[in-house]
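Enquirer: First the structure, which I've put down as structure tokens, then a few questions once you've had a look.
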Amino acid sequence: MATQYVYKRDATRLFIAVSETGKKFNIYLPVESNPIVNNADLPITMINGCISNYCFKWNNKRYTCIVKSKDQNKYTILVNGVEYKFSIESISSYLRRKLLSTENNANIQNVLKAPIPGKVIDIYVSEGDLINANEPIINIESMKMQNEYSLPINGIVRKIHVQRGQSVMKDDVLIEIDSIDV
């Protein structure tokens, strides 16, 4: 029997930061662990007791962060005296912006199709879940062999077209994913 995954991520904790130079960062702020920036777990420790600013420790260095200005989703901050300007977008505003963009519209949605006929044994995600590239999202049994399938993108599960126990044919649409790759 295949591994049973308990996989639920809260998409409201994912943000896209865009620097003034156009560099983009996926920032995921889990409640239970360190921040994840572009799929790298950063061992950042927040320091309590800082007055009118934010303090954190990273790589044995202390950083003081002051929000200099904020205009809607655009921020100017000082980190140890160095100024940075960037915008922060929620995942829903980022996806909406991508949908409205005609040049990126073809790459928005990715679909996982059944590569072989078989029976759906398990689905490891729910609609609205965040997925990481190449993480298993579905398990299909064919000819008494169980195979886990994934997509090579980071994204949010838009629609699940199948259920556990359902038989599928080759090229049936299984799951639709909205890409969040930056």
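Coordinate-derived values only; no laboratory data. Keep in mind the model is a prediction, meaning the values are calculated, not measured. Cβ sites come from the backbone with ideal geometry, for glycine too, and all protein chains shown count toward neighbours.
Enquirer: Can you tell me what the convex hull of the Cα atoms of region 14-99 projects to on average, as an area in nm²? Intermediate results must be reported in sequence, preceding the final value.
Expert: Working: hull surface 26.2 nm².
One quarter of the hull surface, i.e. the mean projection, equals 6.5 nm².
Enquirer: Less than 21 Å apart at the alpha-carbon level, and either on another chain or at least 8 residues along: which lysines does that give for Lys144?
Expert: Lys113, Lys119, Lys170
Enquirer: For Ile116, what residues show an amide H to amide H distance below 5 Å, using hydrogens built from the backbone and excluding near sequence neighbours?
Expert: HN-HN under 5 Å from Ile116: Asp171.
Enquirer: Asn80: net charge of surrounding residues, Cβ under 14 Å, Lys/Arg +1, Asp/Glu -1, itself excluded?
Expert: So the surrounding residues net to +3.
Enquirer: Over all directions, how big on average is the projection of the convex hull of the alpha-carbon atoms in region 107-179, in square nanometres?
Expert: Working: hull surface 16.5 nm².
Projected area, direction-averaged: 4.1 nm².
Enquirer: Still on this structure, please answer the following. Could you check the spin-label model distance between Gln72 and Glu20? Points 7 Å from the Cα along Cα→Cβ, value in nm.
Expert: Taking the two extended label points, one gets 1.9 nm.
Enquirer: Mind checking the full-extension length gain between Val79 and Asp41? Use 0.36 nm per residue of separation minus the Cα-Cα distance, one decimal, nm.
Expert: 11.7 nm
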